[in-house]
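J.: So that we are looking at the same thing, I have put the structure below in structure tokens.
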Amino acid sequence: MAFGRYLIKRGVLLLITLVLAVYVSVIIANFGGFIDEILKGQIAFAVRTSLRADPDYAALPDDVQEEIFRVRFEGMVEARGLNEPFLPKTIRYTIDALQLKLGRAIVLTDAAGSDQIADIILERLPRTLILFFTADIIAAAFGIWLGMKMAHRAMSPMDRGLTVLSITTFVIPPWVFGIYFILIFGYGLRIFPPGGFLTTPPPTDPWLYTADFMYHLALPLGTVVFAIFGSWAYTTRNLVLQVMDEDFVMAGRAKGLSEGAVQRKYVLRAASPPIVTALALTLVGSWFGAIITETVFNWPGIGLLYFQAIQVFDAPIIIGLIAVYAVLLVATVFVLDLTYGLLDPRVRATRGA
Amino acid sequence: MAAPPALGIVATLKDAFRTVPGIVGGGMLVALLAMVVIVPIYAPFDVVSTWGDVSAWVDNPRLAGPEWSDIFVPGTLPRTITIQPEDFRKTKVVSETFGITTIVLRSTFDFSADYFPGELTFRLFTTFKDITPLVSVQLERPDGETVELLRTTPENQAPTANSYPFSQTITVPETLRNIRAWATSNFNATDVAFPKPEVTLFAEGGEDMLDPHRARLMRGEYGIRVIAVAFDSEDNIDGRFLVFGRVFGLAGTDHLRRDLLTGILWGAPVALAFGTVAALIVILTQTVFGAISGWYGGRTDEAVQRASDFFLIIPILPILILISIFYRPSIWAILFVVVAFSLVGGTSKVIRSIVLQVKQEQYVESATSYGASKIRILFKHIFPRVMPYTFALIALAVPAYIFLEASLAFLGLGDPVLPTWGSLLGTAYNNNAMFNGFWWWIALPSAGIIFATVAFALLGYSFDKVLNPRLREQ
């Protein structure tokens, strides 16, 4: 069973890749103990502050004071696991991260005050997903539709114009458009709120709450769709143009099928594997690639969380986010391999070899 | 699958520059390169090296729009009027009897814009022996009124200036007190909570002259007079009077009065250098690995492909942000990190697939058959064959790297010294430029980025068109 062997091999390799990627991230996020030093400094400061607030403590002789400080400080360091040697510690971090045992954040909390990283990520994740999944799906649907239209009238003025528009919009990242759109629609015309995801205080009525949320969602959503639909349109156009010459498409036409049916049944189906791959990878990638877009729109999702975490040196959150991302990405790649192999015998033959 | 067309780099370039996107993209690139040439003339490096130095830009208006923003409003916006020390007519009278030297500086200027000036500032340069002179600064209006702005004893010896920013009513409260007293007594003006010196002084006399929203502008010839009473015959004074405008230069100024045109022009070489160097190194390295991978096959291939997977999974922007926060690296250190994390990747996969097709072509087979070594074929036949594709990929990769640098700079993590388009945008964003309507501060730097990236995108697209003839079929 060549395909089975191929899948196993592929799975093992992906797993190794995953472990390495997370380990590298852990090392970088710790910066050879740099973060640990910062954390120890923070602990020392916190312990001293809390002791100083205690009048009984101030009455004690100096060496006793120092002893109490040392015991408390070391206890805290021990509790946080900061006194472990570097190598075992990073390996432990990696194993925990891979099992998605994300642990506690150092500084940041969720809205309810929980410092469990899983809670924090789960609070932020839906917002990012709503924004970027929706945008991806709208952009993909619109882009594929537009791409097929463009391929159908290839080299017409419409096609040329849309091609240039597609290319120019997809090299420019969403946040640049975001800045312009906030300037124009948010501050200039005052049609949309310039940032945030709810008005303060948020409406209590669930319908109004939803409406308010949608109102805040509109501008970032429109921006992201505008920034990425071009790449879908252009890719689809090129794929469809390549497929349109194939014999089976000609055969479909020869059978007397309508142009629409040929497009749907023959062209789009043949062009769909790369499109599906791109869509799957975009959907996974999108929930991480949005650090600056979310910052610009002040949209409190995963991207903004990542930036906030870096600013306060909250290494566990950074590692947790990268780990979750890497696991999702690797899982997607594996599922894609699997589906391809099942659907397309050619892939099985060439890739298994 | 058909083998890719065999075109040399020169032929590809020739064909590419015959397409419309190629011509437009090429033209835009030439414009950018012209900008790079203009930069050292408009703003030599010693100008831009003072970018972080606040005192180097004090004679520019603060947060002024570009001069061409006149087209958005009726009438003309005021330009900055500067009266330099040599513009003043100086009269010096030494009275031996009383041991007193009187110095008078006087100059006039015509104010003909349709809006009130932005700010008023006087810089006084004094040389004195033991006792500081007593200096009075007065403004003469077209209607014959004279207002004393300030009476002071300057402490700094020239060349250090004594600065009197009259519009900053907290720094120089006396000016506002004088103006209030003058306007209420001479014109019966109604007092308001926050009058502005630069408005009332340039307003038609009357009831509303203290109210910045209702005061009416008075055009005409204004005069500035400085009278100093000094106590040594060698004492001297000089002055510079600044009536700041609301517009400045071609690109306006930022909150630290810096000329944004300098920053935007300097952004071009920085972005071009970073983008092209990063794209060149990364794409060439990946091409070499991709070609080796496809040409040698077997374990080499496997190793390169797995390494590509690894690098593709590592999230580069988050890691770059992390590194930038901890180390504040210079732009070249950032470049190094980018290259280190992209030794193999998407491009090596593309090039590998092209090499796999080229491998089966007849001339490669014949080269093998007459006994050419593998490495010789790689260099003599495979590399020249994939180079045009590499070229297209480089052009398409440049925008990505320009934006990578801009993204980091936007977050305040770029090069700490040089102004770049991204850092201009980031500063603007952090100073609420959008909220306050300082549109030029946002729109012009981002127009720079967009211009540069669109140029490369169009170039890459024109190469793509030449190299993939199927894209133009039908």
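The values are calculated or read from the model by the stated rules, or taken from the named source; none is laboratory data. The structure presented is a predicted model; accordingly, all values stated were derived computationally and were not measured. Methodologically, a virtual Cβ is constructed for each residue, glycine included, from the backbone with ideal geometry; neighbour enumeration extends over all protein chains shown. The area values use the complete protein model at the heavy-atom level, side chains included, leaving out ligands, DNA and RNA. Shrake-Rupley method; radii C 1.70, N 1.55, O 1.52, S 1.80 Å.
J.: With +1 assigned to the C-beta of every Lys and Arg and -1 to the C-beta of every Asp and Glu, and no other charges, what is the dipole magnitude of the stretch B:5-100 about the Cα centre in debye, to the nearest 20?
T.: Values: 7 positive and 9 negative charges, 48 e Å.
Computed about the Cα centre, the dipole is about 240 debye.
J.: Provide Rg and Dmax in Å for the stretch A:164-217, with only Cα atoms included in the calculation.
T.: 14.4, 46
J.: Sticking with this one: Taking +1 at the Cβ of each Lys and Arg and -1 at the Cβ of each Asp and Glu, which of B:Gly75, B:Asn186, B:Val386 sits farthest along the dipole of chain B towards its positive end, judged by Cα position relative to the Cα centre?
T.: B:Val386
J.: Put simply, what bits of the stretch B:412-458 lose 50 Å² or more of accessible area when the other protein chains are there, versus the chain on its own (1.4 Å probe)?
T.: At a threshold of 50 Å² (probe 1.4 Å), the residues of the stretch B:412-458 that become less exposed are B:Tyr429, B:Met434, B:Ile450.
J.: Separate question: Probe radius 1.4 Å, ligands and nucleic acids left out: can you give me the accessible area buried at the A-B interface, summed over both chains, in Å² to the nearest hundred? Working shown, then result.
T.: Values: alone 19270 and 22780 Å², together 37390 Å².
Summing both chains' loss of accessible area gives about 4700 Å².
J.: While we're here: Suppose R0 equals 35 Å; then what is the FRET efficiency for A:Ala254 and A:Thr277 from their Cβ-Cβ distance, rounded to the nearest 0.05?
T.: Values: r = 30 Å, r/R0 = 0.87.
Working from the Cβ atoms, E equals 0.70.
J.: Which value in nm describes the separation of the simple spin-label points at A:Glu78 and B:Ser55, placed 7 Å from the Cα toward the beta carbon?
T.: 5.5
J.: Normalising by the residue count of chain B, find the relative contact order in percent from Cα pairs under 8 Å and 6+ residues apart.
T.: On the way: 862 pairs, mean separation 108.1, N = 474.
Dividing the mean separation by the residue count of chain B yields 23 percent.
J.: Same structure again: Please identify every one of the chymotrypsin sites (Phe, Trp or Tyr not before Pro) in the stretch A:71-144 that sits in a loop by DSSP and has no more than 15 other beta carbons within 10 Å of its own beta carbon. Working shown, then result.
T.: Details: sites: A:Phe73, A:Phe86, A:Tyr93, A:Phe132, A:Phe133, A:Phe142; in loops: none.
Here no chymotrypsin sites (Phe, Trp or Tyr not before Pro) fit, given the DSSP loop and packing criteria.
J.: Mind checking the stretch A:244-280 for trypsin sites (Lys or Arg not before Pro) that DSSP puts in a loop (not H, G, I, E or B) and that have at most 11 other Cβ atoms within 10 Å? Walk me through the intermediate numbers first.
T.: Values: sites: A:Arg253, A:Lys255, A:Arg264, A:Lys265, A:Arg269; in loops: A:Lys255.
The qualifying sites are A:Lys255.
J.: Excluding the sites themselves, what is the longest stretch of chain B that contains no GluC sites (Glu not before Pro) in a DSSP loop with at most 10 other C-beta atoms within 10 Å? Before the final figure, lay out the partial values.
T.: Values: sites that count: B:Glu96, B:Glu155, B:Glu234.
The answer is B:235-474.
J.: Calculate how large, on average over all directions, the projected area of the Cα convex hull of chain A is; give the answer in nm² to one decimal.
T.: Values: hull surface 103.3 nm².
So the Cα hull casts an average projection of 25.8 nm².
J.: By how many nm would the segment from B:Asn156 to B:Thr127 grow when fully extended, if each residue of separation counts as 0.36 nm and the alpha-carbon distance is taken off?
T.: Numbers: separation 29, 0.36 × 29 = 10.44 nm, distance 0.84 nm.
Here the segment from B:Asn156 to B:Thr127 would lengthen by 9.6 nm.
J.: Hey, quick one: spin label on B:Arg106, modelled 7 Å out along Cα-Cβ, who in the stretch B:141-174 has an amide N within reach, i.e. under 19 Å?
T.: Only B:141-150 pass the distance filter.
J.: Continuing with the same structure: Can you list which of the trypsin sites (Lys or Arg not before Pro) found in the stretch A:59-130 are DSSP loop residues with at most 14 other C-beta atoms within 10 Å?
T.: On the way: sites: A:Arg70, A:Arg72, A:Arg80, A:Lys89, A:Arg92, A:Lys101, A:Arg104, A:Arg124, A:Arg127; in loops: A:Lys101.
Qualifying residues, ordered by number: A:Lys101.
J.: Sticking with this structure for a sec: Leaving ligands, DNA and RNA out of it, report the carbon-plus-sulfur percent of the accessible area of the stretch A:14-120 at a 1.4 Å probe.
T.: About 63 percent, which is the carbon plus sulfur part of the accessible surface.
J.: Could you tell me how many degrees, from 0 to 90 and to the nearest 10, lie between the Cα long axis of helix B:20-42 and the main elongation axis, the longest principal axis, of the Cα atoms of chain B?
T.: With rounding to tens, the tilt is 40 degrees.
J.: How big is the Cα convex hull of the stretch A:51-160 in projection, averaged over all directions, in nm²? Walk me through the numbers on the way to the answer.
T.: Working: hull surface 55.8 nm².
Mean projected area of the Cα convex hull: 14.0 nm².
J.: Something else now. For A:Lys9 and A:Phe86, what does the FRET efficiency come to when R0 = 41 Å and r is the distance between their Cβ atoms, rounded to the nearest 0.05? Don't skip to the answer; put the middle values down first.
T.: Numbers: r = 33 Å, r/R0 = 0.81.
The calculated FRET efficiency here is 0.80.
J.: Could you give the accessible area per residue of the stretch B:100-232, probe 1.4 Å, as a whole number in Å²? Could the numbers behind the result be given before it?
T.: On the way: 6000 Å² over 133 residues.
Value for the stretch B:100-232: 45 Å² per residue.
J.: Go through B:Thr126, B:Thr91 and list them by solvent-accessible area, largest first, probe radius 1.4 Å.
T.: Working: B:Thr126 0, B:Thr91 75 Å².
Most to least solvent-accessible, the answer reads B:Thr91, B:Thr126.
J.: 222 nm [θ] for chain A, helices only, -39500 (n - 2.57) per DSSP H run of 4+, per residue, to 500?
T.: Numbers: 15 runs with 263 residues, N = 353.
After summing the helix terms and dividing by residue count, I get -25000 deg cm²/dmol.
J.: In whole Å, what are the Cα extents of the stretch B:85-159 along the three principal axes, biggest one first?
T.: Taking the Cα atoms of the stretch B:85-159, the three principal extents are 48, 25, 22 Å.
J.: Grab the DSSP H runs of chain B that are 4 residues or longer, score each as -39,500 (n - 2.57), total them, divide by all residues and round the 222 nm result to the nearest 500 deg cm²/dmol. Don't skip to the answer; put the middle values down first.
T.: Working: 16 runs with 225 residues, N = 474.
For chain B, the value works out to -15500 deg cm²/dmol.
J.: Compute the helix-to-body angle for A:302-311: its Cα long axis versus the longest principal axis of chain A, expressed 0 to 90° and rounded to tens.
T.: 40
J.: Oh, and also: If every alpha-carbon in the stretch B:1-149 counts as one equal scatterer, what log10 I(q)/I(0) does Debye give at q = 0.14, 0.20 1/Å?
T.: Cα-only, vacuum Debye calculation for the stretch B:1-149: -1.03, -1.36.
J.: Calculate how steeply helix B:383-410 sits against the longest principal axis of the alpha-carbon atoms of chain B, using the helix alpha-carbon long axis, and give the answer as 0 to 90 degrees to the nearest 10.
T.: Tilt of helix B:383-410: around 30 degrees.
J.: Let me ask something additional. Once the protein assembly as shown is represented by equal point scatterers at the alpha-carbon sites, with solvent omitted, what log10 I(q)/I(0) does the Debye formula produce at q = 0.06, 0.09 Å⁻¹?
T.: For the requested q values the scattering log ratios are -0.55, -1.03.
J.: Considering just Cα atoms, how many Å³ per residue does the convex hull of the stretch A:2-98 enclose? Write down the numbers at each step before the final one.
T.: Values: hull volume 9.2 nm³, N = 97.
For the stretch A:2-98, the hull spanned by Cα atoms encloses 94 Å³ per residue.
J.: Report Rg (one decimal) and Dmax (nearest whole number) for the stretch B:78-244, counting Cα atoms only, units Å.
T.: That works out to 16.3, 51 Å for Rg and Dmax.
J.: Quote to one decimal, in nm, the extra length available between B:Tyr115 and B:Leu317 on full extension: 0.36 nm per residue of separation minus the C-alpha distance between them. Provide the component values of the computation, followed by the final result.
T.: Details: separation 202, 0.36 × 202 = 72.72 nm, distance 4.66 nm.
So the extension gain works out to 68.1 nm.
J.: Quick one: Debye curve from the alpha-carbon atoms of the stretch B:260-365 only, equal weights, vacuum; give me log10 I(q)/I(0) at q = 0.15, 0.16, 0.20 Å⁻¹ to two decimals.
T.: Evaluating at q = 0.15, 0.16, 0.20 Å⁻¹ gives log10 I(q)/I(0) of -0.72, -0.78, -1.01.
J.: Figure the gain on full extension for B:Ile375 and B:Ile325 (residue separation times 0.36 nm, minus the Cα-Cα span) and round it to one decimal in nm.
T.: Numbers: separation 50, 0.36 × 50 = 18.00 nm, distance 4.31 nm.
Fully extending the segment from B:Ile375 to B:Ile325 adds 13.7 nm.
J.: Could you tally the net charge around B:Asp114, taking each other residue with its Cβ under 13 Å from the Cβ of B:Asp114, Lys/Arg +1 and Asp/Glu -1? Kindly include the intermediate steps, with their values, before the conclusion.
T.: Numbers: positive: B:Arg79, B:Arg216, B:Arg219, B:Arg246; negative: B:Asp70.
For residues surrounding B:Asp114, the net value is +3.
J.: How much accessible surface area, in Å² rounded to 10, belongs to the heavy atoms of B:Lys92 with a 1.4 Å probe?
T.: Result for B:Lys92: roughly 90 Å² accessible.
J.: Send over the per residue convex hull volume for chain B, Cα only, as a whole number of Å³.
T.: On the way: hull volume 93.8 nm³, N = 474.
Taking the convex hull of the Cα positions in chain B, it is 198 Å³ per residue.
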